[in-house]
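Below is one structure, written out as structure tokens, with a few remarks after it.
The values are calculated or read from the model by the stated rules, or taken from the named source; none is laboratory data. The model shown is predicted, which means the values in this text are computed figures rather than measured ones. Here the Cβ positions follow ideal geometry from the backbone for every residue, glycine too, while neighbour counts run over all protein chains shown. For the accessible areas, the whole protein counts, side chains as well, though only heavy atoms, and no ligand, DNA or RNA atoms are used. Shrake-Rupley method; radii C 1.70, N 1.55, O 1.52, S 1.80 Å.
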Amino acid sequence: MTRDELVAGAREAIDSGSKSFRAASRLFDRTTRERAWLLYWWCRHCDDSCDGQTLGFGPGERRDMAEIRAKTLRAWAGESIGEGPFDALAQLNRERPIPPAMIEDHLAGFALDEQGWRPQSEEDLDRYCYHVAGAVGCMMAVVMGVSPDDSETLERAADLGIAFQLSNIARDLAEDHRSGRCYVPADWLAALGVSEATLFDPEHEPARREIARRLAARVALYEQSARAGVAKLPFRSRVAVLAAARIYGAIGRSVEQRGEAAWSERVTIGRARKLGYVLPSLAEAAYRRRA
């Protein structure tokens, strides 16, 4: 596939797989936007392969993560795999090399899911969120021009990815329960007097609300930490990152505010609200640079 064909495939993937990331990506300059799409396509494919989904929804093919890892490493080394998501990663790596440690860290999160891993503590939860999303934040920072040696900025980028994933966990609590997964720390469940199996029993609504509150609080914590790292990004990238932070932060807050209604219908942020986050993101992007 040519670069244009890979970009077109990646754009189709993000258009179908994540309206929030698609909206934020439009604020990048063209080159950064296309590179972000290429990265997204590979990440989305890895996630779908682990979950047995298609673009984050519905039934799909569950694939062996050892196979995904092998193809990923071959693509990272420059080999043409003949599959769009992997060739997209290869193309991205030619343009903006991604440190292999970040690739490995991201793949490690899918390995945890494949093993049926469960977090026992908040620290376990944070570690999982780093692997599945924080490492992507680091890769995105490199895509936006951050040096792989700038550990301080990369840590802030990881914080933003962790915040995004915590919002996802809050939003998908019921969906994960139906799928036999649980990312609520075991010590939270024990303290609230519930188990993974009984979490959605009718009498445990107060426990579910408390879990949503705790997750939203951690989203806010990591989101605030992430803001300290945007000053080194180009202006349009700062705007895009801050807008994405607002969108995903709104998801976590909406889950907390809606209570039980948050899990009967998937929480989404409408187009008008997303557009409404652009102006404050522009203002904050200018402020963060001066600060």
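Okay, residues lined up against (1) β-branched (Val, Ile, Thr); (2) outside any helix (DSSP H, G or I); (3) in contact with a Ser or Thr (Cβ under 9 Å, 6 or more places away or on another chain); (4) free of Cβ contacts under 8 Å to residues at least 24 places away in the same chain:
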position	(1), (2), (3), (4)
Ala212	no, no, no, no
Val239	yes, no, yes, no
Ile247	yes, no, yes, no
Gln257	no, no, no, yes
Ala262	no, no, yes, no
Pro280	no, no, no, no
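Only a single criterion out of (1) open to solvent by 20 Å² or more (accessible area, probe 1.4 Å); (2) modelled with pLDDT of 95 or more; (3) part of a helix (DSSP H, G or I) is not satisfied by Ala111, namely (2).
Right, Ala217: open to solvent by 10 Å² or more (accessible area, probe 1.4 Å), part of a helix (DSSP H, G or I) and free of Cβ contacts under 8 Å to residues at least 12 places away in the same chain or not? Yes. Counting only residues that are in contact with a Cys (Cβ under 8 Å, 6 or more places away or on another chain), open to solvent by 20 Å² or more (accessible area, probe 1.4 Å) and not in a helix (DSSP H, G or I), how many does the stretch 147-205 have? Looking only at that region, the number is 1.
In the stretch 259-291, of all residues being polar (S, T, N, Q) and open to solvent by 40 Å² or more (accessible area, probe 1.4 Å), the one that is modelled with the highest pLDDT corresponds to Ser264. Annotation: of all residues in the stretch 177-208 being within 23 Å of the chain's Cα centre (by Cα) and over 30 Å from Glu155 (Cα atoms), the one that is modelled with the lowest pLDDT is Ser179.
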